[in-house]
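Below you'll find the structure, written out as structure tokens, and then a few comments.
The values are calculated or read from the model by the stated rules, or taken from the named source; none is laboratory data. From a predicted model like this one, the values you see are computed outputs, not experimental measurements. Positions of Cβ are backbone-derived with ideal geometry, glycine not excepted, and every protein chain shown enters the neighbour counts. We work out accessible area using only protein heavy atoms, side chains counted, and drop any ligands, DNA or RNA first. Shrake-Rupley method; radii C 1.70, N 1.55, O 1.52, S 1.80 Å.
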Amino acid sequence: MDKLIVEGGRPLVGETRISGAKNSALPVLIASLLSGQPLRVGNIPHLRDITTTLELLGRLGVQLSLNDRMTVEADASQVVDLCAPYDLVKTMRASILVLGPLLARFGEARVSMPGGCAIGSRPVDLHLKGFAAMGAEVSVTDGYIEARAARLQGCRIALDQPSVTGTENLMMAATLAAGETVIDNAAREPEVVDLARCLNAMGARISGAGESRITVSGVPRLGGADHRVIADRIEAGTYLVAGAITGGDVRVRDVDPALLGAVLAKLRDAGAEVDSGGDWVRVRGGGRLGAVNVQTAPFPGFPTDMQAQFLMLNCIADGTATVTESVFENRFMHVEELRRMGASIRMNGNTATVRGVARLSGAPVMATDLRASACLALAGLVADSQTVIDRIYHIDRGYHCIEEKLAGLGARIRRVTASQWRRETERKAA
Ligand code: UD1
């Protein structure tokens with residue numbers, strides 16, 4: 001297993017390009033299942049979750065071609081299988097998104113039931129309730145969700161929580177349903193809006209994406225389209241935090257600053273200087289940052305996917321702050337690892353109270369989930385000795401070449417294989 005080796009203490013300076021958003025690219029690629037005509041998708045990030053999605057689509061019979069500029073053409077004219085198997089769903093929970101499109105276009109689908117994961121139980125009950133309300137027969141047998149419906153019927157669905165993938169799954173299904181579907185308490189995340197834009201380009205009739213009520217008028221079939229996915233606001237936010245905590249000067253480009261409102265506001269509160277233009281954001285760190293209270297919430301609130309990075313920022317800031325996780329029940333796996341680096345964090349239910357310390361010290365640490373692993377890389381950048389991060393396959397799920405982008409900004413960070421690392425440590429010991 002690869003590891004990241006980080007030597008802290010350097011301010012990050014320079015510019016980096018932000019990749020396409022993973023959480024847009026996944027549903028957009030899966031939307032190809034709704035049509036017999038090819039869908040071309042540009043700005044696809046080079047990530048492990050994308051490879052998993054392409055493998056899943058390929059197994060279902062979607063013809064895929066990928067050029068060297070990461071544009072994928074997906075042609076689902078000859079779907080041969082309607083089942084998402086356990087071996088793929090267990091590595092990527094977003095595989096549940098094939099359920100809506102397959103059910104809507106082919107009248108049936110089988111998807112392995114996603115299990116729990118490091119950040120909580122993460123049920124899919126809202127997806128299933130929505131399909132049932134649209135007239136599908138839904139059951140769970142032998143660990144698989146099975147859904148059938150001759151034709152889905154438009155209806156009113158009020159989500160108990162504004163689930164992102166839940167909204168996307170139901171919105172995709174509703175494009176081919178008979179009549180009108182109204183989704184209330186829909187997720188308002190930019191990735192939902194991006195998917196709606198792609199579906200409308202394919203001929204769907206969706207209005208209200210980005211608001212709490214989405215209305216979809218079903219059409220008999222969808223066609224092909226060309227779509228470019230939006231930039232990854234979480235990747236952008238992570239590099240901006242890296243610039244701020246190292247006292248550096250980092251500019252991220254190819255990203256819409258409007259997607260980063262809550263994150264930029266917190267960076268300013270912490271004392272960082274933030275400027276932005278049409279498609280870029282620049283952050284300057286300067287002196288020691290101040291502690292900032294953070295509470296996660298659905299968009300446009302502060303994103304749960306940036307919680308670990310801001311908790312880490314607070315670890316070395318001046319003062320004490322609370323970080324409250326309101327979206328997922330157990331998203332604090334990074335706390336134990338940060339404590340091993342000298343952070344002072346007290347947990348009480350879903351709130352972490354973080355007292356800033358003057359410095360962290362490097363340590364061997366373990367990545368536990370995608371965003372937790374990003375926060376460990378950030379911690380390594382400001383620690384006063386070497387940090388060795390294990391299990392970085394989590395980071396590769398969501399960050400394209402994080403070590404190359406950070407090194408491009410001046411960080412001392414490199415990736416080693418397990419055997420390279422063993423040889424290095426043996427040499428040092430000898
Ligand atoms: C998506 C994102 C993930 C992000 C999360 C919240 C993708 C591929 N992933 O995950 O990066 O952290 O949104 O912004 O886009 N819930 C239920 N029942 C359901 C569905 C959800 O109770 O059927 C609950 C969840 O347990 C959680 C909350 O709703 O407490 C929000 O989860 P949700 O928005 O569904 O997260 P994902 O779509 O899985």
Options 278, 407, 62, ranked by Cα towards positive dipole end of the chain, top entry (Cβ charges): 407
Range of Cα positions in the chain per principal axis (Å), largest first: 65, 45, 40
Karplus 3J(HN,Hα) series, Hz, for the stretch 151-168 with 6.51 cos²θ - 1.76 cosθ + 1.60 (x for Gly, Pro): 8, 5, 10, x, 6, 9, 10, 10, 6, 5, 9, x, 5, 5, 5, x, 4, 5
Spacing of the two label points (7 Å from each Cα toward its C-beta) at residue 108 and residue 326, in nm: 4.4
Where labels lie 7 Å past Cα in the beta-carbon direction, separation of residue 15 and residue 207 in nm: 4.1
Label-to-label distance, nm, for residues given as residue 156 and residue 424 (7 Å Cα→Cβ offset): 6.1
Rounded to 5, the percent of DSSP beta bridges in the stretch 169-297 classed as antiparallel: 95
Lys/Arg +1, Asp/Glu -1 at C-beta; the chain dipole; positive extreme among 287, 375, 141: 287
Amide proton proximity set for residue 344, modelled H, under 5 Å, gap of 5+: 355, 357
Student exercise, the stretch 376-422 dipole from Lys, Arg, Asp, Glu Cβ charges, in Debye to nearest 20: 100
375, 401, reordered so the largest accessible area comes first (probe 1.4 Å): 401, 375
Accessible-area value, residue 227, 1.4 Å probe, nucleic acids and ligands omitted, Å²: 10
With every protein chain in place, the chain: carbon and sulfur % of accessible area (1.4 Å): 46
Using alpha-carbon coordinates, inclination of helix 190-201 to the longest axis of the chain, degrees: 30
C-alpha center-to-center spacing [the stretch 242-313, the stretch 191-221] in angstrom: 30
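Would you mind working out the accessible area per residue for the chain, using a 1.4 Å probe, and quoting it in Å²?
Heavy-atom SASA per residue in the chain reads 39 Å².
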Total charge dipole magnitude, the chain, about the Cα centre, Cβ charges on Lys, Arg, Asp, Glu only, Debye to nearest 20: 680
Relative contact order of the chain, defined on C-alpha pairs under 8 angstrom at six or more residues apart (%): 21
Fraction of antiparallel bridges per DSSP, the stretch 319-430 only, in percent to nearest 5: 70
Protein-only accessible surface order, largest first, of 344, 19 at 1.4 Å: 344, 19
Calculated from backbone phi, Karplus (6.51, -1.76, 1.60) coupling profile of the stretch 383-395 in Hz, x at Gly/Pro: 6, 8, 8, 7, 10, 10, 9, 9, 6, 7, 4, 4, 5
The stretch 209-250: trypsin sites (Lys or Arg not before Pro) in DSSP coil with no more than 15 other Cβ atoms inside 10 Å: 213, 221
Crossing angle, helix 233-245 versus the chain [Cα axis fit, 0-90 degrees, rounded to tens]: 10
Relative contact order %, the stretch 318-392, counting alpha carbon pairs below 8 Å whose residues are six or more apart: 31
Prolate/oblate/rounded call for the stretch 54-212, Cα gyration tensor, a/c under 1.5 rounded: rounded
MRE, 222 nm, helices only [DSSP H, n ≥ 4, -39500 (n - 2.57), over the chain, to nearest 500]: -9500 deg cm²/dmol
Vicinal HN-Hα couplings computed from phi for the stretch 287-294 (Karplus, 6.51 cos²θ - 1.76 cosθ + 1.60; Hz; Gly/Pro x): x, 5, 6, x, 5, 10, 6, 9
C-alpha center-to-center spacing [the stretch 127-154, the stretch 406-430] in angstrom: 49
Estimated Rh, the stretch 290-415: Kirkwood, alpha-carbon pairs, angstrom: 14.6
Extreme residue, positive dipole direction of the chain, given options 244, 38, 23 (C-beta unit charges): 244
For residue 230, distant residues with modelled amide H under 5 Å away: 21
Exposure ranking of 205, 331 by accessible area [1.4 Å probe, largest first]: 205, 331
Amide hydrogen neighbours beyond the local backbone of residue 368, cut-off 5 Å, H modeled: 373
The stretch 127-183: relative contact order in percent, alpha carbon pairs under 8 Å with at least 6 residues between: 36
Within the chain, percent of DSSP bridges classed antiparallel, to nearest 5: 70
